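Enquirer: Here it is: the structure, laid out below.
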Amino acid sequence: FLFKQKTAYEMQRGLVGSEMCIRDRRRVHGILLMIKRLVSQSFSKVCAASFATKQIKAAVLLAGCGVYDGSEIHEAVSILISLAKHKVDYNFYSLNKKQFDVINHTTGEKMNEQRNVLIESARIARGKIEDITKLKPNAYDFLILPGGFGAAKNLCNFAVKGPDCEIEPSVKSLFEEFRALKKPIGLLCISPVIAAKAFGQKSGGSGVQITLGDEGECWPNAGAIKACESLGNALIKKDVTEFSFDKDNLIYSTPCYMKGTASPYDVFLGVDAMIENIVKRIKELQFNLLIH
């Protein structure tokens, strides 16, 4: 024969060698997969650690100082406590203009004097506040406003004209910029009327979903609900400790002192729940952008 016939033993030895090559190749492949998983997990942990230290920033827009002619103080303080709780950095802004009116908070009567919205807002901000014209939306993750009649008198004139109100141009521009950047806007108490006017269907917008609380004897300013509905918006009934979220427009709102029987603690619970959700969504969005 030209070729020697292999014995069974020789053939078995050859097979063993081939099987060892296949087995080793599978083992190497398994090790490589394990290394890939470990590297991926480590990268995710590093990203998460980096993400966890990223500072979220909020712009707080005030409208004076005091429920009847400025920002509602309890609501403003609830915002500050919640921002601190969730480790959110913030800066104050307001309008450098005359207040619509000045109200004696012991009697509810109008006083014969003039005050400046920015100067009055500085009382809440402990002096650290800037003109709204210096607010750059790109520098912040979200915008938030307390309620109080200042929101409906100084930021717009809803308190006087209802659905026919006009919004201060700098305020309207600010709302439009945050919305265009797809950054959340948090609105307390009566301040959602600004979004209702700015983005309502009657103003040429798509309409927004907001809450101004509910109707009934516990809700003395419920007439604002009908006014905002007439502008082409969806009004959602919520209690003081709850909030509404319009996911299409990234508009958050919570009733606060729209409920006449609300306690400061009730107000804080609603504000804190809203801010907690805002912060959670911002972190999720930033993390998704980081890993992709």
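Enquirer: When you scan segment 68-81, do you find a residue that is touching a Leu at 6+ places or on another chain (Cβ under 6 Å), on the phi < 0 side of the Ramachandran plot, modelled with pLDDT of 95 or more and not acidic (D, E), even just one? Talk me through it step by step, then tell me what you get.
Expert: Initial filter on segment 68-81 (touching a Leu at 6+ places or on another chain (Cβ under 6 Å)): 71, 75.
The next check asks that each one be on the phi < 0 side of the Ramachandran plot; those that pass are 71, 75.
Remaining after also requiring modelled with pLDDT of 95 or more: 71, 75.
Remaining after also requiring not acidic (D, E): 71.
Yes, some residue in segment 68-81 is touching a Leu at 6+ places or on another chain (Cβ under 6 Å), on the phi < 0 side of the Ramachandran plot, modelled with pLDDT of 95 or more and not acidic (D, E).
A quick yes/no check of all residues on (1) crowded, with 23+ Cβ neighbours inside 10 Å; (2) at pLDDT below 95; (3) more than 26 Å from G270 (Cα to Cα):
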residue	(1), (2), (3)
K110	no, no, yes
Q114	no, no, yes
T133	no, no, yes
P137	no, no, no
I144	yes, no, no
F149	yes, no, no
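The rows are residues; the columns are (1) touching a helix residue (DSSP H, G or I) at 6+ places or on another chain (Cβ under 9 Å); (2) open to solvent by 10 Å² or more (accessible area, probe 1.4 Å); (3) in contact (Cβ under 8 Å) with a residue 40 or more places away in the chain.
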position	(1), (2), (3)
P184	yes, yes, yes
I210	yes, no, yes
E215	yes, yes, no
S230	yes, yes, yes
D239	yes, yes, no
N249	yes, yes, yes
T254	yes, no, yes
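Enquirer: Quick one: count up the residues across segment 115-134 that are out of contact with any Leu (no Cβ under 8 Å at 6 or more places or on another chain), in contact (Cβ under 8 Å) with a residue 40 or more places away in the chain and of a type in the set (S, T, N, Q).
Expert: So the answer is 0.
The values are calculated or read from the model by the stated rules, or taken from the named source; none is laboratory data. Computed from a predicted structure; not experimentally measured. As a convention, Cβ positions derive from the backbone with ideal geometry for all residues, glycine included, and neighbour counts pool all protein chains shown. All accessible areas refer to the heavy atoms of the entire protein, side chains included, with ligands and DNA or RNA removed. Shrake-Rupley method; radii C 1.70, N 1.55, O 1.52, S 1.80 Å.
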